[in-house]
Each structure stands twice: as C-alpha cells, then as structure tokens.
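Visitor: Here it is: the structure, laid out below.
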Amino acid sequence: MRFMIALFIIMGIGIIVFITWLINHQRSLRQRAYLMQEAIRNHDFTFRLSTQGLLSGEQAMQEALNQLGETIRQQMNLNEVESWERLTRVLTHEIMNATAPITSISQSLLNREDVKDTPLEEGIHAIFTTSKHLNTFVDSYRKLSQLQQPVMDAVNLSGLINEIHQLYPAINWRNTVSEGIIVQSDSSMIRQILMNLIKNAVEAGACHIGTEYIPNNNTLYVSNDGQPIPAEVRKSIFIPFFTTKHTGNGIGLSLSRRMMIQQGGNLSLSEQPLNGYHTTFAIEFK
C-alpha cells in the first residue's frame with residue numbers, strides 16, 4: 001500500500017515537473033516567435049536565434065528560419081542593386097543623349113574665328129566645360145551597370161591588407177587578421193573595395209585603421225577613427241549619387257556594395273563601431 005502511494009506521489013511530481021517544463025518551453029517558443037516577428041517588421045534579416053534547449057525537430061525548424069532570414073536579406077540586396085542599376089542605366093542614357101550635342105556644338109563654336117576673342121567666347125567656353133564635366137560625371141555611373149561577373153578565387157586576406165597598407169605609410173594600421181586566413185572572393189574586386197574604404201577613411205581625417213576577421217560569420221571588419229558618419233545619413237551612404245563630400249561623386253560605396261553582393265556577400269555599415277574607432281564597415285564573404 002505504501003509502495004503504491006509512494007509511486008503515485010512520484011508520478012504526480014513527475015507530471016507536475018513535466019507540465020511546468022512544457023509551459024515554460026511553450027512560453028520560450030512564443031518569445032522566439034515574437035522576436036522573429038519584430039525582426040522582420042523592422043527589416044532586420046540578420047537575426048539569429050540559438051537552437052540550444054530545443055527538441056530535434058524544433059532545432060531543425062529554427063535553423064531553417066535562421067537561414068530563411070539570410071536568404072531574404074540576400075534577395076533584398078539583389079533587388080535593391082537591380083533597381084538602382086535600372087535607374088542608373090536610364091538616367092545615364094538620357095543625360096548623355098542630352099549633353100552630347102551641347103558639348104559638340106559648343107566645341108565647334110569655340111573653333112570659329114568669329115567667336116575667338118569675343119564676349120561670346122567666355123560664355124560658350126563655360127557651356128562646353130560644364131557639359132564636358134557632366135558627361136564625365138555621368139559616364140562614371142556606367143560602372144554600376146557594366147561590372148563583369150566576379151571570378152572567385154582563394155585570397156590571402158592578411159597578405160592583401162598588408163599590400164594596401166604599403167600604399168598608406170602615414171596611417172597607423174592595426175591588422176589582427178591571421179596570416180593563414182583565406183577567403184573566397186574576386187581578388188580585383190575585394191582589392192578595390194578595401195581601397196575605397198581606406199580612401200574614404202583618409203578623406204574623413206582618419207589616422208588609425210583597424211582590420212579584424214571573425215571566422216564565425218566569415219566577416220572582415222574595417223574600422224577607422226576619422227570623422228563619424230552622421231546618424232541622419234547612415235542609411236543613405238550606399239545609395240548611388242549620394243555623397244556628403246564636395247568633390248565626391250557618390251559611386252565608391254554603392255559600387256563596392258554591389259561588387260560584394262555579386263559575390264554572394266555583402267558590405268554594410270556596422271551599427272556600433274569597434275572599440276577605439278568611430279566607423280566600422282563589415283565585409284561579409286560568401
């Protein structure tokens with residue numbers, strides 16, 4: 001009799017423990033669902049939730065959802081690039097068609113004897129110079145729609161960074177990327193991307209550059225202590241034509257990002273710069 005009572009007590013305790021675990025587990029799953037909904041609502045497709053503490057089927061589902069977020073992010077990046085590419089192609093075509101005759105006619109007028117050394121020459125020369133500069137400016141944007149397909153190869157990341165460092169001897173460079181780190185990338189493209197980031201940093205008054213590679217997410221972080229990017233323009237820096245510099249054409253970062261997306265990776269501005277720096281860019285390799 002006592003044995004049966006003890007057995008019932010043990011079973012009762014077991015049932016209570018199981019129900020308590022089940023309630024807490026369901027609460028945890030609801031919290032996961034809420035966090036993922038919030039991430040999607042805020043267009044944050046970089047979210048990752050741990051599979052620790054989940055059952056095998058739940059782990060598989062969570063891993064699939066984590067990968068789905070990455071797939072959505074990549075597709076949105078591709079759609080964004082394609083949209084800007086179409087817009088750039090139309091704009092450059094229309095502007096070039098409009099300015100080419102102006103350049104040609106003004107140049108012909110400048111060569112006429114009845115125009116030389118007259119009050120008309122200065123005005124016509126201004127028209128010619130402006131239209132020529134506009135042609136050059138617009139032609140640079142053709143690069144956005146004329147990129148060659150990347151040729152993926154094994155790139156020694158630390159070696160490449162050291163080569164670029166030699167071009168900027170006045171910059172204090174802290175490179176923590178290990179010698180043996182190899183990434184799959186188009187060597188010409190990744191070189192140009194790094195050059196663009198360093199050039200922008202120097203123009204922003206940077207004296208220190210930091211490069212760090214995180215194997216877990218296959219990402220290279222490039223940081224600098226130049227003038228911080230204002231909060232109001234952080235979301236616009238990768239838009240073609242956008243620039244805050246008087247001499248800039250707004251093509252460097254947008255072109256660099258497109259080259260990374262073509263390789264199956266991404267280029268982004270980190271929400272929080274690494275310690276000791278004002279700005280950090282993340283180069284995510286495929």
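Visitor: Is it the case that some residue within region 161-182 is closer than 25 Å to ASN216 by Cα, open to solvent by less than 50 Å² (accessible area, probe 1.4 Å) and in contact (Cβ under 8 Å) with a residue 60 or more places away in the chain?
Guide: Checked against the condition, which is being closer than 25 Å to ASN216 by Cα, open to solvent by less than 50 Å² (accessible area, probe 1.4 Å) and in contact (Cβ under 8 Å) with a residue 60 or more places away in the chain, region 161-182 yields no hits at all.
Visitor: Output the residue which, of all residues in region 252-278 that are open to solvent by less than 20 Å² (accessible area, probe 1.4 Å) and not polar (S, T, N, Q), is modelled with the highest pLDDT.
Guide: Residue satisfying both the conditions and the ranking: LEU267.
For every residue, the table says whether it meets (1) assigned to a helix (DSSP H, G or I); (2) touching a strand residue (DSSP E or B) at 6+ places or on another chain (Cβ under 7 Å); (3) within 30 Å of GLU122 (Cα to Cα); (4) of a type in the set (Phe, Trp, Tyr).
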{"residue": "TYR34", "(1), (2), (3), (4)": "yes, no, no, yes"}
{"residue": "PHE47", "(1), (2), (3), (4)": "no, no, no, yes"}
{"residue": "GLY69", "(1), (2), (3), (4)": "yes, no, no, no"}
{"residue": "THR92", "(1), (2), (3), (4)": "yes, no, yes, no"}
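Visitor: Restricting region 201-230 to residues that are in contact with an Asp or Glu (Cβ under 8 Å, 6 or more places away or on another chain) and of a type in the set (S, T, N, Q), which is surrounded by the fewest Cβ atoms within 10 Å (Cβ to Cβ)?
Guide: ASN217
Visitor: In the set PHE3, PHE18, which member is out of contact with any Asp or Glu (no Cβ under 6 Å at 6 or more places or on another chain), open to solvent by 70 Å² or more (accessible area, probe 1.4 Å) and modelled with pLDDT of 80 or more?
Guide: Testing whether each residue is out of contact with any Asp or Glu (no Cβ under 6 Å at 6 or more places or on another chain), open to solvent by 70 Å² or more (accessible area, probe 1.4 Å) and modelled with pLDDT of 80 or more leaves just PHE18.
Visitor: Also, I was wondering about something else. How many residues does region 164-204 hold that are part of a helix (DSSP H, G or I), touching a helix residue (DSSP H, G or I) at 6+ places or on another chain (Cβ under 8 Å) and not basic (Lys, Arg)?
Guide: Counting residues in region 164-204 that are part of a helix (DSSP H, G or I), touching a helix residue (DSSP H, G or I) at 6+ places or on another chain (Cβ under 8 Å) and not basic (Lys, Arg) gives 12.
Visitor: Which residue pairs have Cβ atoms under 8 Å apart, sit 6 or more places apart or on different chains, and have a first residue in region 188-202 that is more than 22 Å from GLN148 (Cβ to Cβ) and a second that is part of a helix (DSSP H, G or I)?
Guide: Close Cβ pairs satisfying both conditions: ILE198/ILE164; ASN200/GLY252; ASN200/LEU253.
Visitor: Mind checking which residues of region 92-118 are touching a residue at least 24 places away in the same chain (Cβ under 8 Å) and open to solvent by 70 Å² or more (accessible area, probe 1.4 Å)?
Guide: ILE102
Visitor: Would you check which residues across region 133-160 are at pLDDT 80 or above and either open to solvent by 50 Å² or more (accessible area, probe 1.4 Å) or assigned to a loop (DSSP other than H, G, I, E, B) (or both) and list them?
Guide: Passing the criteria: GLN149, PRO150, VAL151, MET152, ASP153, ALA154, ASN156.
The values are calculated or read from the model by the stated rules, or taken from the named source; none is laboratory data. Worth saying up front: this structure is predicted, and the values here are computed from it rather than measured. Please note: Cβ atoms are built from the backbone with ideal geometry, for glycine as well, and neighbour counts cover all protein chains shown. Surface accessibility is based on the protein's heavy atoms, side chains included, excluding ligands, DNA and RNA. Shrake-Rupley method; radii C 1.70, N 1.55, O 1.52, S 1.80 Å.
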